[in-house]
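What follows is a short report on a single structure.
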Amino acid sequence: MRNFYISFVLVSLLLSSCSQPPETAVEQEVQTTETGNAYYQERYRPAYHFSPQENWMNDPNGLVYFDGEYHLFYQYNPQGNQWGNMSWGHAVSTDLLHWEHLPIALEMENGNMIFSGSAVVDKNNSSGLCDSPEGCMMAIYTAHTDKLQTQAIAYSNDRGRSWTKYEGNPVLDENMKDFRDPKVFWYAEGQKWVMSVAIPKEQKIRFYESQNLIDWNMMSEFGPQGFVDGIWECPDLFPLQVAETGEEKWVLLVSYNTDSIGSSMQYFVGDFNGREFTNDNTDDLILTLDYGRDFYAGVTWNNVPDEGLLLIGWINNWQYAGEIPTTPWRSAQSLVRKLYLHEFPEGIRLTQTPVEATQKLRQQHVHDENVQLQEGDNYLSLENIQGKQLEIIAEFAYEAIDTQSEAEALAGEFGVKVFKGEEQETIIGYDVATQSLFMDRTQSGDTSFHDTFSERTVALMPTDDGTVSMHIYVDHSVVEVFGNNGYVAMTNRVFPDPSQDGVEIYAIGGIVTLKSLDIWEVDSIWNQTVVKDHSQ
Ligand code: FRU
């Protein structure tokens, strides 16, 4: 306990001296102008999550690896900080962590917006649109007007730096007003391209096939199943091996959006025979990808060499997306996550964890282990730890519960509070009685911009041995949590006052041991280059 205290005090000095942010946006501008570098320093600006320099962003699009670069395109409004004029913004990375902004890739033209879609590498020039027989990059997107949504393609022969819209567009027109978000992949077994596309208001995903990315034949439809209220968007179909058995299963991701509960994502586990996707589970089973309020339109990268399946999602929710209090930009993308399939007592489920590269950002480190938490013990020794850019791994063990009456006696709650100050806190906790992980942002700071923002998100996370782990990424206004090795993912936005930046371990009732605790300060991914000074 004594060592614990000493190490925290030492490191807390380090952490607090590294990150003393100004109190208000106005003060910040003054300070950053003095140092000549206001880049990515605005209030609430994430330091290690991708966000555009300015203006509105929503879904990730066109995720593809090509010639040493991971491409991230995204729904973007070049003209403002609200949704509109949809175009594809563009960034590239060589490590899935540091992003280089590139000029807009596909711009809205003559009232035709460029909605969400995907990108592939047309390796054998199946389309005939590539300059080289070795192929080129191809984007497949939804061309949107108020009356009609069709699928269109564009190609790039210079590693995605410039794009030409195919003159024969659209390549798929079913005369539908709502028909969008094509995700295309190469189906090796059948030697063909396969496209999943959403019919949002019918809660259906349609599958098409093509030999050349230009002529498409419909194969089948899936849905409505799972969560069927609201609309379906942004499908993604891919195979993945079950870790325990090596069996190949197919996973279908579907984003859904409702007026009442906003945006969320579900997935289905089943089989794909080259034409049809079949769900292994009952129609009414809903499998949730991320239990926070802010993870939507998540899709995976195509053509990745050998790192497995990589997912990124939009950290926002259509319910309040245009109202979150950030300027001159809106929204962030999640960390890049690796997806796995595992067998659990309840069935085969996806788990997810940020890519290993994220660890490169770790800076000063605090560690301790085996500390018994008393009821109400607030860990005063953490009092001086401050930070808005942190990675925290906390492993707890609570005493096993045998009987109903003991359950009541031992029930309790424990976890980690971040953005903790005198008035505000964001709680990541585990509730023993309900065996669930939760994040509580009711006291997290500014929640006033929308009446559904002040809330607690909850996910069942049963443990058979009383062990609970929380892997938490804290980034100014983003909190991503992975519970029990990615069994639960929970992503939420929060808008704390800059002064509220403490960390606290807490326990209420029950008998709980903090088996181990690691806290790192996390480096910014933006601090090297000054591309544009927003304070001008
Ligand atoms: C999902 C979505 C997509 C659409 C895009 C428009 O967030 O509604 O269905 O293509 O955003 O920006």
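Rule-based calculations on the coordinates, nothing more; no lab input. From a predicted model like this one, the values you see are computed outputs, not experimental measurements. Using ideal geometry, Cβ is built from the backbone for each residue, glycine included, and neighbour counts are taken over all protein chains shown.
Couple of notes before you dig in:
- Counting only alpha carbon atoms, the long axis of helix 25-35 and the longest principal axis of the chain meet at about 80°.
- Each of Trp56, Trp83 has some number of other Cβ atoms within 10 Å of its Cβ, and from fewest to most they run Trp83, Trp56.
- Stretching the chain fully between Asp271 and Arg159 yields a gain of 36.9 nm (0.36 nm per residue, less the alpha carbon separation).
- For Gln53 and Glu455, the difference between the fully extended length at 0.36 nm per residue and the C-alpha to C-alpha distance is 141.8 nm.
- Its Cα centre serving as origin, the chain has a Cβ charge dipole (Lys and Arg +1, Asp and Glu -1) of approximately 1200 debye.
- For the chain: relative contact order, % (alpha-carbon pairs under 8 angstrom, 6 or more apart): 16 percent
- Note on Thr467 and Ile104: the extension gain reaches 126.0 nm, defined as 0.36 nm multiplied by sequence separation minus the Cα-Cα distance.
- Separation in nanometres of the label points that stand 7 Å from Cα toward Cβ, at Glu167 and Ser132: 2.5 nm
- Nearest 10 degrees, 0 to 90: helix 2-18 Cα axis against the chain principal axis: 50 degrees
- Thr94 paired with Ser220, simple spin-label distance in nm, labels 7 Å along Cα-to-beta-carbon: 4.3 nm
- Residue-wise HN-Hα coupling along region 145-152, computed from phi with Karplus coefficients 6.51, -1.76, 1.60 (Hz; x: Gly, Pro): 10, 4, 9, 8, 10, 10, 9, 9
- Distance (nanometres) between label positions extended 7 Å along Cα→Cβ at Val228 and Glu244: 3.0 nm
- By the count of neighbouring beta-carbon atoms within 10 Å, fewest first, Tyr74, Tyr155 end up ordered Tyr155, Tyr74.
- Region 125-234, Rg to Rh (Cα coordinates; Rh as Kirkwood inverse mean 1/r): 1.00
- In this calculation the C-beta distance from Glu399 to Val304 is compared with R0 = 45 Å, giving a FRET efficiency of 0.55.
- For the chain, the mean residue ellipticity at 222 nm estimated from helices alone is -2000 deg cm²/dmol, where every DSSP H run of n ≥ 4 contributes -39500 (n - 2.57) and the total is divided by all residues, rounded to the nearest 500.
- Computed from backbone phi with θ = phi - 60° and the Karplus coefficients 6.51, -1.76 and 1.60, the 3J(HN,Hα) list for region 75-82 is 4, 9, 9, x, 10, x, 9, 10 Hz; x is used for glycine and proline.
- Between Glu343 and Ile261, the C-beta separation translates, for a Förster distance of 41 Å, into a calculated FRET efficiency of about 0.90.
- Subset of Lys183/Lys388; Lys183/Lys360; Lys360/Lys417; Lys338/Lys515; Lys201/Lys388; Lys165/Lys360 violating a 29 Å alpha-carbon distance limit: Lys183/Lys388; Lys183/Lys360; Lys201/Lys388; Lys165/Lys360
- Sequence of Cys130, Cys234 once ranked by neighbouring C-beta atoms within 10 Å, starting from the fewest: Cys130, Cys234
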